[in-house]
Amino acid sequence: MGLTKILLIEDNPGDVYLVKELLAEAEEIQYELTHVDSLNAGLDHLNEAGCDLVLLDLGLPDSQGINTLLKLQSAAPDLPTVVLTDFNDGLFATDLVKQGAQDYLVKKEITTTWLNNTITHTVARAQWTKRRRQREQWLQSSNQALQCQLRDYRAELIHMSEQLQLLEVRAKTDALTGIANRYGFEKYFKREWDYSRKTLNHLSLIMVEVMMDAADFQVFGSTDGSLWKDECLRQVARYLKSTFKRPRDLVARYDGNRFAAVLPDTPKQRATQLAMELYEGVHHLPIRHPSAPVSGWVTIQFGIASEIPTQNGTPADFVEEAGSALHLAKTGRDRTA
């Protein structure tokens, strides 16, 4: 322990002399003693110079009893205080500690050793308490900073997750028609294939190709023709989406003029019925350029694959079956596989 600055607040000259003599004999501590004879003078000194420890008498000209301690604690709540008292009363001593005193000394029983130990232990305990409080404050501050960083990181992660989800949606969406694209179809179909294989439920796939009358299409010219081809595909896509609208149904633009409809829990008979209704519905869509010489120039062909997926099959095989059925349909043969 280095130099200990002690403030003695005592108005009795005899008690002041006693404390000074005892401190002089205490070779174990180095101290600087300041004496004042009133509480107000002590408070002024604390404001100007401060100290490490207060030796406080409770019977002063400007303050009496335990209120003296309370006033000092109010002005300097972290300052270690040892009360000097004439009473050797355990209950009174307990009350002093409860009110914030670190220790107390009975004046008529003070010895050099007792005073030395009291000062040494009180100052050391106060320093340890101060360091612990500083450590707790540092930990609290660090924790608050970490919490702020975690909130920032969490917000950033949420933002990144939202951006990734948006990119994922865009990556799975066909820009022209607004429905799923080939990538979105393959990811979804693989998931439904695995689910149907696990649950032993039927899975159907309808491959649809939009057929445009080439002769009529040439009437529009390259620019107009391209624009109306796009419009045709958009209208067919909307019709497909309105037809297959169960929560787990998926309609996707597979490539070019071809679309795919994934129908979970749908046996072949039902899939064929839906495909025929689709064929009739698209055939009657009012898709026609104003200058076209004929109407009803857009129709579709379709191929169907339907089965309960097995361990031996693969999603690619299933899609190939639907594609083969579509090819057969275009040549006038069976539409199902």
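The values are calculated or read from the model by the stated rules, or taken from the named source; none is laboratory data. Quantities reported herein were computed from a predicted structural model and do not represent experimental measurements. Here the Cβ is made from the backbone with ideal geometry for all residues, glycine too, and neighbour counts use every protein chain on show. These area figures cover heavy atoms from the full protein model, side chains too; ligands, DNA and RNA do not enter into them. Shrake-Rupley method; radii C 1.70, N 1.55, O 1.52, S 1.80 Å.
The figures follow:
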| quantity | calculated |
| --- | --- |
| Lone qualifier among W228, W138 - being modelled with pLDDT under 90, open to solvent by 60 Å² or more (accessible area, probe 1.4 Å) and either in a helix (DSSP H, G or I) or on the phi > 0 side of the Ramachandran plot (or both) | W228 |
| Matching residues, region 162-176, being charged (D, E, K, R) and either assigned to a helix (DSSP H, G or I) or open to solvent by 70 Å² or more (accessible area, probe 1.4 Å) (or both) | E162, E168, R170, K172 |
| Flag if T111 is open to solvent by 60 Å² or more (accessible area, probe 1.4 Å) and touching a residue at least 40 places away in the same chain (Cβ under 8 Å) | yes |
| Which numbered condition E186 fails, given (1) of a type outside the set (A, V, I, L, M); (2) touching a residue at least 12 places away in the same chain (Cβ under 8 Å); (3) in a helix (DSSP H, G or I); (4) over 22 Å from G323 (Cβ atoms) | (4) |
| Single match in V210, V219 (criterion: touching a strand residue (DSSP E or B) at 6+ places or on another chain (Cβ under 8 Å) and either within 29 Å of K330 (Cβ to Cβ) or at pLDDT below 90 (or both)) | V210 |
| Scope region 302-323; condition polar (S, T, N, Q) and under 16 Å from Q273 (Cα atoms); matching residues | S306 |
| All positions within region 121-133 that are surrounded by fewer than 16 Cβ atoms within 10 Å (Cβ to Cβ) and either farther than 22 Å from L3 by Cα or among the β-branched types (V, I, T) (or both) | T129, R133 |
